[in-house]
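The values are calculated or read from the model by the stated rules, or taken from the named source; none is laboratory data. For clarity, every value in this text was computed on a predicted model and none was experimentally measured. Here the Cβ is made from the backbone with ideal geometry for all residues, glycine too, and neighbour counts use every protein chain on show.
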Amino acid sequence: MKKIFLVIVSILIFAQASAQTEGKLGDDITYFLNIKIGKLIIKGTGKMWDSPSYDNTLLNPIRSQITQIEIEYGVTNIGDLVFSHCTSLTSVDIPSSVTSIGLGAFANCTSLTFVDIPNSITSIGEYAFESCTSLSSIEISNSVTSIRDFAFANCTSLSSIEIPNSVTSIGLGALANCTVLTSIVIPENVTSIGKSAFSYCTSLTSVIIPESVTGIGESAFNHCTSLTSIIISKNVISIGEDTFYNCSALSSVDIPKNVTSIGKSAFANCTSLTSIIIPKSVTSIGESAFANCASLASVIIPESVTSIEKWTFGNCTSLSSIDIPNSVTSIWDYAFGACSSLTSVIIPQSVVGIGNLAFGHCFRLKSITILNPNPAYYGYLYDLSDKSIDLDFNSLEISRSFFSDSTLKSCVLYVPRGSIASYREAEVWKEFLNIQEIDVPQ
């Protein structure tokens with residue numbers, strides 16, 4: 001009886017071991033794991049199945065034991081999530097019969113150090129190698145046309161990657177948080193760079209964006225704190241929101257002449273940026289576009305700009321002078337707030353509204369020259385084109401925090417000859433102790 005029991009136990013143990021080390025990954029695809037060396041051999045033809053989820057992959061029972069993968073010729077794809085979380089996997093051999101790598105196929109393979117992608121592969125899925133934290137280099141075949149969303153995101157050991165000329169688009173977060181990547185060459189066939197494509201690549205020092213690129217996605221290079229220079233394609237027409245946000249080492253940038261808009265916070269926190277020339281093609285500059293650029297000493301705003309938005313140059317503490325073009329009609333809240341080196345400002349005749357604290361905390365401000373004989377409204381600005389807003393300017397609260405007491409006492413307000421009486425009666429402006437008239441050139 002005892003011998004029969006031992007035989008049954010042995011059979012069960014053998015069956016369990018077989019179930020764990022052998023199985024199917026497709027209709028005509030099988031796998032076998034050599035437990036002694038951790039090598040997974042995959043044989044067969046045709047399409048590999050997809051795994052249902054990260055937590056329920058086809059290899060769940062054995063994935064922690066896999067150190068090597070050899071896929072034999074005949075398999076045509078690598079299914080979604082199939083090898084994800086194989087945390088002991090160090091190498092994989094992909095045959096030339098494979099044409100695509102699925103979504104998250106190798107995601108979180110934290111011991112994988114190198115991948116050679118054969119020329120047969122035309123598609124690398126989203127999240128394909130996401131969080132492969134030991135992956136130091138990768139070779140992408142010339143047949144791949146796009147690097148899809150988050151394909152190599154969080155590969156924190158990736159120091160080099162060569163993107164082939166066949167690639168035409170770089171997806172959302174494709175190489176985000178690759179913290180040791182020092183340089184990247186974007187091929188001349190790439191037409192678009194996705195949102196957050198290179199964000200938090202904190203070791204990236206330089207980038208050349210080729211002329212084929214017409215659009216740069218939001219946050220594409222944000223928090224690239226080592227980026228010192230960037231060449232932007234002359235065909236780029238817009239710089240998106242947060243594109244270069246917190247690129248704290250960026251000292252200079254040439255904005256191409258075809259750019260029509262600079263997005264919200266596009267260059268905010270670029271604390272090493274010393275000067276900027278905004279081309280005449282630009283018609284809109286977003287809120288906080290250059291906020292906290294502490295080294296920015298000079299800026300040229302073109303006459304194509306009609307509004308200076310909230311916090312556009314806020315806390316640019318080295319900005320000593322500013323030339324506001326005659327096209328500007330409104331200067332919004334905090335637009336130049338805390339520009340503590342600003343000593344003088346000329347507000348053109350075109351300006352009819354000045355927002356709350358537009359020049360607040362500019363403690364070195366010694367003179368303000370206003371060219372409009374009619375005192376500009378000062379306070380909280382509204383979109384006057386919005387007919388649904390019923391404004392009663394007489395009842396609006398006017399903020400006096402625009403000026404400190406010392407500014408009101410020491411700053412000279414220059415106004416057009418013949419308008420001094422109007423300014424001495426206007427809210428906020430009348431608080432100046434020293435208002436003087438000047439002749440305004442016609």
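Structure notes:
- Filter result (among the small types (Gly, Ala, Ser), within 16 Å of the chain's Cα centre (by Cα) and not in a loop (DSSP other than H, G, I, E, B)) within the range 161-200: 169, 192
- The listed residue being closer than 22 Å to residue 318 by Cα, surrounded by fewer than 16 Cβ atoms within 10 Å (Cβ to Cβ), small (Gly, Ala, Ser) and at pLDDT below 90, out of 385, 406, 395, 367: 406
- Just one of the listed residues (331, 435, 347) is over 41 Å from the mean Cα position of the chain (by Cα), surrounded by 14 or more Cβ atoms within 10 Å (Cβ to Cβ) and at pLDDT 90 or above, namely 435.
- A single entry from 287, 303 fulfils the requirement of being of a type outside the set (A, V, I, L, M) and exposed (fewer than 15 other Cβ atoms within 10 Å of the Cβ): 303.
- Any hit, the range 194-208, residues being in contact with a Phe, Trp or Tyr (Cβ under 9 Å, 6 or more places away or on another chain) and of a type in the set (Phe, Trp, Tyr): yes
- Checking residue 100 against (1) surrounded by 16 or more Cβ atoms within 10 Å (Cβ to Cβ); (2) closer than 16 Å to residue 60 by Cβ, the condition it does not meet: (2)
- The lone criterion from (1) surrounded by fewer than 15 Cβ atoms within 10 Å (Cβ to Cβ); (2) under 21 Å from residue 59 (Cα atoms) left unmet by residue 116 is number (2).
- Test for residue 95: is it of a type outside the set (Phe, Trp, Tyr), modelled with pLDDT under 95 and in the same structural domain as residue 45 (by TED's automatic domain parsing): no
- Scanning the range 34-48 for residues that are surrounded by fewer than 16 Cβ atoms within 10 Å (Cβ to Cβ), in contact (Cβ under 8 Å) with a residue 24 or more places away in the chain and part of a loop (DSSP other than H, G, I, E, B) yields 35, 37, 45.
- Of all residues in the range 103-137 being over 20 Å from residue 71 (Cβ atoms) and among the small types (Gly, Ala, Ser), the one that is nearest to the chain's Cα centre (by Cα): 131
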